[in-house]
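I have placed the structure first, in the form of structure tokens, so that the comments after it can refer back to it.
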């Protein structure tokens, strides 16, 4: 046995169906555009949405509604715009015209395109809300860059520093600084000179005996190799050689031997060289 609630719902459903058949109750717009399968109905729902958008756009022009009300109305308009786009897509799927391509752009009461950011539009008084006005303020254009010719017009002798001394301020400062630097340099030179003189005096006091001159020779000394006394003028200082000095003949013989060795190394074979060395050994040379 059915309950009373189920009976009432059944009766209400039959009563509503009868009213729809008689045309007394307006049909509601489907929540999803995909639920509509008839092109005339889809066209009618699109026109209904456009009518609602027009009413709300006219309502949002009143700045006295308050910030919160204006924001709510602007959100509702954007919601209706998205819904209109869904119905236009459904109309195209059912074989109707492509309103997204041939339809007019959204314009405000001044005939300008409605500004927005990433699909969200602002209408009427919503554009003057705090935080929204800054979005549409255009940045000032940067100042135009000067050309090379315009820059060269401002270049003169003062640009290169040739007139820095004309003001009468730089020259006295340079002179004062120059005097200061010279005084510091003189003081530093005097201090170094006194230190150097003090060091020389201390060295003279410590040195008791003079360094012996190693090349000086007494009169009774003779040549180490020849055994003959050294020749020299009377009263002049005599010197001796501490290393053996070869004679001219010995130098010539050494040069001849060296030249022979170079020629042998250049033209003689290794076998000939070995034989020559062996012969010298046998002869005792």
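The values are calculated or read from the model by the stated rules, or taken from the named source; none is laboratory data. The model shown is predicted, which means the values in this text are computed figures rather than measured ones. Cβ: placed from backbone, ideal geometry, glycine included. Neighbour counts: every protein chain shown.
Numbers at a glance
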| item | result |
| --- | --- |
| Condition check for residue 204: modelled with pLDDT under 80 and either outside any helix (DSSP H, G or I) or surrounded by 10 or more Cβ atoms within 10 Å (Cβ to Cβ) (or both) | no |
| For residue 75: the one exception among (1) farther than 22 Å from residue 123 by Cα; (2) modelled with pLDDT of 90 or more | (1) |
| Verdict on residue 102 being surrounded by 10 or more Cβ atoms within 10 Å (Cβ to Cβ) and either at pLDDT below 85 or out of contact with any helix residue (DSSP H, G or I) (no Cβ under 6 Å at 6 or more places or on another chain) (or both) | no |
| Criterion (modelled with pLDDT of 65 or more, in a loop (DSSP other than H, G, I, E, B) and surrounded by 10 or more Cβ atoms within 10 Å (Cβ to Cβ)) met by exactly one of 177, 162 | 162 |
